[in-house]
Amino acid sequence: MDTVTSLFESLQLLALSPPGWGGNLLRGLLHTLEIAIGGYSLGLAIGLMGACGKLYGGVVVRDCLACYTTMVRAVPELILILLLYYAGTDLINQLMFWMGRDAVDIDGLIAGIFVIGFVQGAYSTEVIRGAIQAIPQGQLEAAKAYGLSFWQSLRKVTLPAMLPYAIPGLANLWLIATKDTALLAVVGFSELTLETRQAAGSTKHYMLFYCAAGVLYLMVTLISNRLISRIENWSRRGFAKEQ
Amino acid sequence: MLTSKNNNTINNNEKPALNAIQIRGLHKSYGSIEVLKGIDLNAKKGDIIAIIGGSGSGKSTLLRCINLLETPSAGDVRIGGETIKMKQTSQGPVPADKHQVRRLRASLAMVFQNFNLWQHMSVLENLIAAPTLVHGMPKVAAIDLAKQLLTRVGLSDKQDSYPAFLSGGQQQRVAIARALAVQPDVMLFDEPTSALDPELVGEVLKVIEDLAREGRTMLLVTHEMKFAREVANHVVFLHQGLIEEQGPPEAIFDNPHSERLKQFIRTVQ
Ligand SMILES: Nc1ncnc2c1ncn2[C@@H]1O[C@H](COP(=O)(O)OP(=O)(O)OP(=O)(O)O)[C@@H](O)[C@H]1O
Ligand SMILES: [Mg+2]
């Protein structure tokens, strides 16, 4: 009987309105998703350009990109995030100072999206580059032979044809993006992990809140998986079904 | 060079585009290996030229130099009377004018050994891509034309299928329809039946034969000697990067002169 009441009491701590902390957790989740979606999209954009640069660019472009992808993938993400966040804001403020402007307060959301996007971009570059190289050469040749321009062929043939090869890797990157947002807790951005820590610290119900956060992350992954498999099926529409 | 340019203008005035394709002194090397060693070839409008020869003799390379899928190392390629402009770089010659290359390519259509259909596009989308993107045809007109061509190659019920769901013979017929959809001046075929199961070869050859009867200009690399003899009006025998012998099919197949051609004909029969 006692355990039931105490369980009930602790669950009340998850209520959406104060004194429950559920609202804070959901707000944290929202921020997490905002950063993940923003950072992932930025990463995809960087990855597309990076892959094209690596495959079709000149020597200088290729060297710069090799530098970028190697460094980002070599350094632990936590360090990169601290570095980019503090060094990045510092740099911007120095620039502002040089231009004779006042220091700006950089929005945590924008900074977070930029940091995650920068890291994701390096991985996306490699995933997309590999996917483009996996396209059967003849399809690109046919585009050339029929007079499609470089950009037409990129838009109509290369990008859609590489998708089925890129999606497993890109899907992985999305799941990593949702979890990498937790690293932004160290710079004080109030995403799901930081909100959870605060709730747990204030109430001393560590188990309850961390489990709740875990469930929320799990839900994000499960829903993502559903969406991803739909997108993957669509991208593989031109592939004969395996027996 | 100057004189040939002058000739060109004169010819153009008298009989426009009589020469669909003119190749002069075409060389192609990969590194130190010389694959084409100086090819001269003329295709007049309406010619059906069969290119035969052993494996590795340079047949595909020759065809691919015509639409610049390979860049010639030396020599001229002239399409519809217009010479493809080349420029020298430290890596060897490259096409000088991208727009010219695109424009000339648009007047050619290639059918590949492995079909090379765009796998992520439906059959219909494959057929309308180049007409709409390259030739500026309105989408409705392109779809109309595509449907007619599919009927013609006997695949009107497959317009919404994806290539991977079709048999090899069907895919190659789609590829031929894709080639026809750009209303090309010259069609290039690179061993269009070599990747097909024997029982599917016939349906594809029949489609090509029909096209030949229409008086289309075609360059056709093939291992089907019987077919070459029936449809071609000129046969070119390539050996180690050179034209060893050429002439009308009867002369080539019934009365070959060069030892190598005799031997080649013996081995394929
Ligand atoms: N990209 C390349 N790099 C190096 N060598 C090449 C390349 N493409 C072709 N070759 C060589 O050029 C020669 C001619 O090749 P090509 O494909 O034109 O022959 P082919 O007559 O079409 O033969 P097949 O009947 O087997 O198709 C071959 O020896 C081949 O190895
Ligand atoms: Mg070949």
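The values are calculated or read from the model by the stated rules, or taken from the named source; none is laboratory data. Given the structure is predicted, the values throughout are model-derived calculations rather than measurements. As a convention, Cβ positions derive from the backbone with ideal geometry for all residues, glycine included, and neighbour counts pool all protein chains shown. Only protein heavy atoms, including side chains, enter the accessible area calculation; ligands, DNA and RNA are left aside. Shrake-Rupley method; radii C 1.70, N 1.55, O 1.52, S 1.80 Å.
For this structure, a couple of remarks:
- Exactly one residue out of A:111, A:36 is modelled with pLDDT under 85, in contact with a helix residue (DSSP H, G or I) (Cβ under 8 Å, 6 or more places away or on another chain) and of a type in the set (A, V, I, L, M), and it is A:111.
- Looking across the range B:202-226 at every residue that is surrounded by fewer than 20 Cβ atoms within 10 Å (Cβ to Cβ) and within 16 Å of ligand 1 (Cβ to nearest atom), the one that is farthest from the other protein chains (Cβ to nearest Cβ) is identified as B:225.
- Single match in A:133, A:137 (criterion: open to solvent by 50 Å² or more (accessible area, probe 1.4 Å), more than 14 Å from chain B (Cβ to nearest Cβ) and closer than 30 Å to residue B:111 by Cα): A:133
Let's see how each residue does on (1) assigned to a loop (DSSP other than H, G, I, E, B); (2) in contact (Cβ under 8 Å) with a residue 12 or more places away in the chain; (3) under 17 Å from residue A:181 (Cα atoms):
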site: A:40; (1), (2), (3): no, yes, yes
site: A:48; (1), (2), (3): no, yes, no
site: A:61; (1), (2), (3): no, no, no
site: A:87; (1), (2), (3): no, no, no
site: A:109; (1), (2), (3): no, yes, yes
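- Residue that is nearest to ligand 2 (Cβ to nearest atom) [pool: residues in the range B:183-192 that are under 24 Å from residue B:61 (Cβ atoms), surrounded by fewer than 24 Cβ atoms within 10 Å (Cβ to Cβ) and not acidic (Asp, Glu)]: B:187
- Filter result for the condition that a residue is within 14 Å of chain A (Cβ to nearest Cβ), out of contact with any Ser or Thr (no Cβ under 9 Å at 6 or more places or on another chain) and not in a helix (DSSP H, G or I), over B:136, B:154, B:56: B:136
- The residues of the range A:188-243 that are surrounded by 15 or more Cβ atoms within 10 Å (Cβ to Cβ) and aromatic (Phe, Trp, Tyr), listed by number, are A:189, A:209, A:210, A:217.
- Looking only at the range B:65-110, residues that are among the charged types (D, E, K, R), open to solvent by 40 Å² or more (accessible area, probe 1.4 Å) and within 14 Å of chain A (Cβ to nearest Cβ) come to 4 in all.
- Qualifying positions in the range B:72-92 - at negative phi, within 16 Å of ligand 1 (Cβ to nearest atom) and without any contact (Cβ under 8 Å) to a residue 40 or more places away in the chain: B:91
- Exclusive hit being within 16 Å of ligand 2 (Cβ to nearest atom) and open to solvent by 30 Å² or more (accessible area, probe 1.4 Å), set B:141, B:195, B:164: B:195
- Qualifying residue in the range B:124-133 (condition: at pLDDT 95 or above and within 16 Å of ligand 2 (Cβ to nearest atom)): no
- Of all residues in the range B:84-127, those that are farther than 23 Å from residue B:21 by Cα and part of a helix (DSSP H, G or I) total 5.
- Taken together, the residues in the range B:110-134 that are within 19 Å of the chain's Cα centre (by Cα) and over 30 Å from residue B:224 (Cα atoms) amount to 2.
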